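Engineer: Input: one structure, supplied below.
The values are calculated or read from the model by the stated rules, or taken from the named source; none is laboratory data. If you're wondering where the values come from, they're calculated on a predicted model, not measured in any experiment. Because the Cβ atoms are built from the backbone with ideal geometry, glycine has one as well, and the counts that use them run over all protein chains shown. Quick note on the areas: whole protein, heavy atoms, side chains included, nothing else; ligands and nucleic acids left out. Shrake-Rupley method; radii C 1.70, N 1.55, O 1.52, S 1.80 Å.
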Amino acid sequence: MNKYKQSAKALLLISLSGAGLLVWLIVLSRSRPVNDWLLAIGVVGIALVCVAAALVWRVLRSLDQPIHELIKSAEQIGSGNYATQVTVGDDENLAPLEQALEHMRQKLQQTSINSNYLTTVLDSMNDAVLVTTQDTVITRVNAAAEALFGFSIDQLIGKSLNEMLVAVERPGQDVTPALLELDEAVIRTASGQTIPVSVSRSSLNAASTEFKGTIFVMRDITDRKRAERRIRYLARFDSLTKLPNRMQFQHLLQQGIARARRSDRIVALLYLDLDRFKEINDTFGHEAGDRTLEILSERLTRALPKEAVLGRLAGDEFAVFIEGIDPHEDERAQTASIARVVLSEISKVFYVQQHELFLTVSIGIAFCPRDAENVIDLIRHADAAMYYSKQNSGNNFAFYTPEMNAAAVERLMLKSKLRRALEREELVMLYQPKVDLQTNTVIGAEALLRWRLPGFGDIAPSQFIPLAEETSLILGIGDWVMNRVCEDYKRWNAQIVDPGRISINLSLKQLHQASFVARCRNIFRRHEVNPSCFELEITETTLMQDPKRTIKLLDELFAMGVSLSIDDFGTGYSSLSALQQFPISTLKIDQSFVRGIDENKDDATIVRAIIDMGNAMGMKVLAEGVETRVQLDYLKAHQCHYAQGHLFGKAISAEDFLAMMIAQQNGQYQVAALFA
Ligand code: C2E
Ligand code: MG
Ligand code: MG
């Protein structure tokens, strides 16, 4: 300040001197005429006054400039520009002000960096962040919140977050409770769309009540919800057919039973199991199988009455229930008409992958409350009736009776007993003669297995082979059969020159058992029998399952000298070209066609076609299950090579077969039917 005082004193002195000189000049000029001196003094005075004025102007300017600078800087800071430093020159008087302003600028700059940084962080978050007052009025949001709600920041701020929620009905809750308690909510966006969101919150504990509130973090969980719905759906519905699965079907049935009980009505349950569906899968592949099931489900859904509930319980098992059956009407008649609809829909041709497929189904029917009071028993009983229907050649329906359930229990018991059958030597091998229709002689036999279960009598293979195939018991049984046949053969061969060729039935599991070929070779070797004395029978269906692998196996067996035949021919779906790949020597026409020769023209034509086809392919043809003369005559007339059936003889013991062959060798035995 001193500097300014001194400058002011000097200025005062100069201007006073100038002014004094001018006054003196004016006084003198009144008393005498102006001469050069006076003029000079006047000029000096004016000059001094001018200098003083110039100096004042300068001093005032130098005083004003830094303040101006300060004002400019302050204005820039005020408008948010914190980048330019505050400098006002070297005026020591303004230095403290300058420093204070610079300090403030730096502070504000730092705060602004922090604030920008926080905004960047918030805006980079995928989750929507909404800061609200204590009564959920929005005060701040990030970019994700804008995107989620579809409103701009300005539109969001001031809105009540609670009011942007959609009332969702939940079990036990009528409407959405206050947002503050939710973990999940549904919001309504600017476009009116509803979006499920997850909600997490934390309270904003600011010192000032003005800033107290809540920070909400929300995330769009549409995808998760969709996945959850899908999982829930998949847990209850079959993904292929879109029908209720077993769990859901049982659940619906349970509800149906409860409703029917309240209104004194009857629930009918139809249990459906497709007959030989496995063959479609095995022959045409699983894709074709799946497609068939899809078509079937669509057909049944369309054909069944509206009140019927259809479900897929397992692979080829379906079920239908109808809950409103009138107890005053005949419930059997009412249900039978539905069963007939099912049978007829399923018997229609299925066009799958350019194939024409035919299916049949076995249906078991049980009623609630007459046959069972609860879901589990009702299903079990309908299943038992279905099993009964299937045993009776399928393609039909049967109503449950208590004896059927006993049969199902028996089946389970059999399974456990079968495990011990081998140890207890309960298996027996019988031999059914095969005859040559040209030479009229017995040319061998088919080895047929029996299970002689004490208390049950002889159990047919159709009863226990499928049970054995469900487990790996079939492998032990298969080994036992091979060994027993080789032993018997060895014994016979010791007494006669040629006991003929003996056929052994093979199941798929056996064929695909590890090192099956080596096992066969070992068995033949151990018993010192020639493999060419045996023929392995493989069903057409087995053959077509995994054909590549089967061809390889059969080639090895063939190379060993074993003959191979296709069993139950005509029941599978093999094509001629497929058959040609296998080293097969004999086709065995399934007995269902042979049986039909008598009355069914189609069957007779099929038998004839198979014989012709076998001949064309250089194979021998054997007709199974020949029972009548008409059948025999037809077969002979069409040059069928071999035959087998009750007409020539049932399956007999190894001893009886040996006796028969010895008698034939000695000319003391003739197959009666062939000479009648
Ligand atoms: P398959 O190989 O087709 O055997 C022919 C079946 O027809 C035999 O029934 C036989 O007793 C029966 N049969 C023969 N002639 C006539 C007839 O004139 N009329 C009637 N109604 N039936 C006749 P079986 O012995 O009950 O065998 C059934 C099936 O069990 C066999 O069918 C075969 O696939 C299987 N099987 C039998 N033994 C074995 C075995 O040792 N191992 C395996 N894996 N399966 C076997
Ligand atoms: Mg057979
Ligand atoms: Mg057969």
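Engineer: Which of the residues belonging to region 366-385 are open to solvent by 10 Å² or more (accessible area, probe 1.4 Å) and over 17 Å from Gln248 (Cα atoms)?
Structural biologist: Within region 366-385, Pro369, Arg370, Asp371, Glu373, His381, Asp383 qualify.
Engineer: Now, a different point. When you scan region 134-144, do you find a residue that is within 17 Å of Ile221 (Cα to Cα) and either free of Cβ contacts under 8 Å to residues at least 24 places away in the same chain or surrounded by 15 or more Cβ atoms within 10 Å (Cβ to Cβ) (or both), even just one? Write out each step before concluding.
Structural biologist: Residues of region 134-144 that are within 17 Å of Ile221 (Cα to Cα), as a first pass: 144.
With the extra rule that they be either free of Cβ contacts under 8 Å to residues at least 24 places away in the same chain or surrounded by 15 or more Cβ atoms within 10 Å (Cβ to Cβ) (or both), the set shrinks to 144.
There is at least one residue in region 134-144 that is within 17 Å of Ile221 (Cα to Cα) and either free of Cβ contacts under 8 Å to residues at least 24 places away in the same chain or surrounded by 15 or more Cβ atoms within 10 Å (Cβ to Cβ) (or both).
Engineer: Next question. Report the residue count in region 54-80 for those that are out of contact with any helix residue (DSSP H, G or I) (no Cβ under 9 Å at 6 or more places or on another chain) and over 29 Å from Ile14 (Cβ atoms).
Structural biologist: 5
Engineer: Additional query: Might you check whether a residue that is open to solvent by less than 30 Å² (accessible area, probe 1.4 Å), within 16 Å of ligand 2 (Cβ to nearest atom), of a type in the set (A, V, I, L, M) and at pLDDT below 95 occurs anywhere in region 620-639?
Structural biologist: Of all residues in region 620-639, those open to solvent by less than 30 Å² (accessible area, probe 1.4 Å) come to 621-626, 631-632, 635.
Restricting the remaining residues to those that are within 16 Å of ligand 2 (Cβ to nearest atom) gives 621-626.
Still in the list and also of a type in the set (A, V, I, L, M): 621-623, 626.
If we keep only those that are at pLDDT below 95 as well, we get none.
The answer is no; no qualifying residue exists.
Engineer: Of the residues in region 619-644, how many are within 16 Å of Asn440 (Cα to Cα), more than 10 Å from ligand 1 (Cβ to nearest atom) and assigned to a loop (DSSP other than H, G, I, E, B)?
Structural biologist: 4
Engineer: Scan region 462-473 and report the pairs whose first residue is assigned by TED's automatic domain parsing to the domain that holds Asp568 and whose second residue is at pLDDT below 80 and open to solvent by 30 Å² or more (accessible area, probe 1.4 Å), with Cβ atoms within less than 8 Å and a gap of 6+ or a chain change.
Structural biologist: Leu467/Arg411; Leu467/Lys415; Glu470/Lys415; Thr471/Lys415
Engineer: Can you spot a residue in region 541-553 that is within 12 Å of ligand 1 (Cβ to nearest atom), assigned by TED's automatic domain parsing to the domain that holds Val435 and under 21 Å from Ile465 (Cα atoms)?
Structural biologist: Narrowing region 541-553 to residues within 12 Å of ligand 1 (Cβ to nearest atom): 541-542.
Then keep just the ones that are assigned by TED's automatic domain parsing to the domain that holds Val435; that gives 541-542.
Narrowing further to those that are under 21 Å from Ile465 (Cα atoms): 541-542.
Yes, the conditions are met somewhere in region 541-553.
Engineer: Pick out the one residue from Ala258, Ala227, Ala268, Ala235 that is of a type in the set (Gly, Ala, Ser) and surrounded by 13 or more Cβ atoms within 10 Å (Cβ to Cβ). It would help to see each step written out before you state the result.
Structural biologist: Details: Ala258 fails: surrounded by 13 or more Cβ atoms within 10 Å (Cβ to Cβ); Ala227 fails: surrounded by 13 or more Cβ atoms within 10 Å (Cβ to Cβ); Ala235 fails: surrounded by 13 or more Cβ atoms within 10 Å (Cβ to Cβ).
Of the residues listed, the single one that is of a type in the set (Gly, Ala, Ser) and surrounded by 13 or more Cβ atoms within 10 Å (Cβ to Cβ) is Ala268.
Engineer: Need the failing condition index for Asn396 against (1) free of Cβ contacts under 8 Å to residues at least 12 places away in the same chain; (2) over 30 Å from the mean Cα position of the chain (by Cα), just the number.
Structural biologist: Failed condition: (1).
Engineer: From the list Thr541, Thr586, pick out the single residue that is buried (at least 19 other Cβ atoms within 10 Å of the Cβ), modelled with pLDDT under 85 and not aliphatic (A, V, I, L, M). Explain how you work it out, then say what you get.
Structural biologist: On the way: Thr586 fails: modelled with pLDDT under 85.
When all the criteria are applied, what remains is Thr541.
Engineer: Looking at this structure, is Thr571 within 16 Å of ligand 3 (Cβ to nearest atom) and surrounded by fewer than 19 Cβ atoms within 10 Å (Cβ to Cβ)?
Structural biologist: Values: within 16 Å of ligand 3 (Cβ to nearest atom): yes; surrounded by fewer than 19 Cβ atoms within 10 Å (Cβ to Cβ): yes.
In short, yes.
Engineer: Further question on the same structure: Only residues that are within 30 Å of Leu94 (Cβ to Cβ) and either outside any helix (DSSP H, G or I) or open to solvent by less than 60 Å² (accessible area, probe 1.4 Å) (or both): list them for region 17-52, please. So that I can check it myself, show each step before the final result.
Structural biologist: Step one: list which residues in region 17-52 are within 30 Å of Leu94 (Cβ to Cβ), which gives 50-52.
Scanning region 17-52 gives a single hit, Ala52.
Engineer: Can you pull out the residues in region 575-609 that are within 16 Å of ligand 2 (Cβ to nearest atom), under 24 Å from Leu357 (Cα atoms) and over 43 Å from the mean Cα position of the chain (by Cα)? Before the answer, list the steps.
Structural biologist: Applying the first criterion (within 16 Å of ligand 2 (Cβ to nearest atom)) to region 575-609 yields 584-595.
In the following step, the residues that additionally are under 24 Å from Leu357 (Cα atoms) were identified as 587-595.
Within region 575-609, Val594, Arg595 qualify.
Engineer: So, one more: Of all residues in region 583-611, count the ones that are of a type outside the set (S, T, N, Q), without any contact (Cβ under 8 Å) to a residue 40 or more places away in the chain and over 29 Å from Gly561 (Cβ atoms).
Structural biologist: So the answer is 14.
Engineer: With the requirement that a residue be assigned to a strand (DSSP E or B) and open to solvent by 20 Å² or more (accessible area, probe 1.4 Å), what does region 238-255 give you?
Structural biologist: We begin by selecting, within region 238-255, every residue assigned to a strand (DSSP E or B); these are 244.
None; the set is empty.
Engineer: Please verify whether Glu655 is surrounded by 17 or more Cβ atoms within 10 Å (Cβ to Cβ), closer than 20 Å to Leu448 by Cα and modelled with pLDDT of 90 or more, treating the condition exactly as stated.
Structural biologist: On the way: surrounded by 17 or more Cβ atoms within 10 Å (Cβ to Cβ): no; closer than 20 Å to Leu448 by Cα: yes; modelled with pLDDT of 90 or more: yes.
When the stated conditions are applied, Glu655 does not pass them.
So that you can scan it fast, the table gives a plain yes or no per residue for (1) away from ligand 3 (no atom under 16 Å from the Cβ); (2) at positive phi:
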| residue | (1), (2) |
| --- | --- |
| Val481 | no, no |
| Arg491 | yes, no |
| His512 | yes, no |
| Asp546 | yes, yes |
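Engineer: Among the residues of region 507-526, how many are open to solvent by 70 Å² or more (accessible area, probe 1.4 Å) and small (Gly, Ala, Ser)?
Structural biologist: Here the count works out to 2.
Engineer: Scan the strands (runs of 3 or more DSSP E) fully inside region 295-364 and keep the ones with 2 or more residues being aliphatic (A, V, I, L, M) and touching a residue at least 60 places away in the same chain (Cβ under 8 Å).
Structural biologist: Numbers: elements: 309-314, 317-325, 350-352, 355-357.
In region 295-364, 309-314, 317-325 are the strands (runs of 3 or more DSSP E) which contain 2 or more residues that are aliphatic (A, V, I, L, M) and touching a residue at least 60 places away in the same chain (Cβ under 8 Å).
Engineer: Still on this structure, please answer the following. Show me the strands (runs of 3 or more DSSP E) entirely contained within region 420-464 in which 3 or more residues are open to solvent by less than 80 Å² (accessible area, probe 1.4 Å) and touching a Phe, Trp or Tyr at 6+ places or on another chain (Cβ under 8 Å). Break it down into steps so the answer makes sense when it comes.
Structural biologist: Values: elements: 427-436, 441-453, 457-459.
Passing ranges, in order: 427-436, 441-453.
Engineer: Now for a different question. Return the residues of region 595-618 that are in a helix (DSSP H, G or I), open to solvent by less than 40 Å² (accessible area, probe 1.4 Å) and over 20 Å from Ile443 (Cα atoms); say none if nothing qualifies. Walk me through how you get there before you give the answer.
Structural biologist: Restricting attention to region 595-618, the residues satisfying the condition of being in a helix (DSSP H, G or I) are 595-596, 601-616.
Next cut, open to solvent by less than 40 Å² (accessible area, probe 1.4 Å) only: 596, 603-604, 607, 610-611, 614.
Matches in region 595-618: Gly596, Asp603, Ala604, Val607, Ile610.
Engineer: All but one of (1) open to solvent by 40 Å² or more (accessible area, probe 1.4 Å); (2) out of contact with any strand residue (DSSP E or B) (no Cβ under 6 Å at 6 or more places or on another chain); (3) of a type in the set (Asp, Glu) hold for Glu323; which doesn't?
Structural biologist: (2)
Engineer: Continuing with the same structure: Give me the residue from region 494-506 that is open to solvent by 10 Å² or more (accessible area, probe 1.4 Å) and under 14 Å from Glu537 (Cα atoms) and, out of that set, farthest from ligand 2 (Cβ to nearest atom).
Structural biologist: Within region 494-506, the match that is farthest from ligand 2 (Cβ to nearest atom) is Arg501.
Engineer: Tell me which of these Arg484 doesn't satisfy, since it passes every other one: (1) touching a helix residue (DSSP H, G or I) at 6+ places or on another chain (Cβ under 8 Å); (2) at pLDDT 95 or above; (3) surrounded by 16 or more Cβ atoms within 10 Å (Cβ to Cβ).
Structural biologist: Result: Arg484 passes all but (1).
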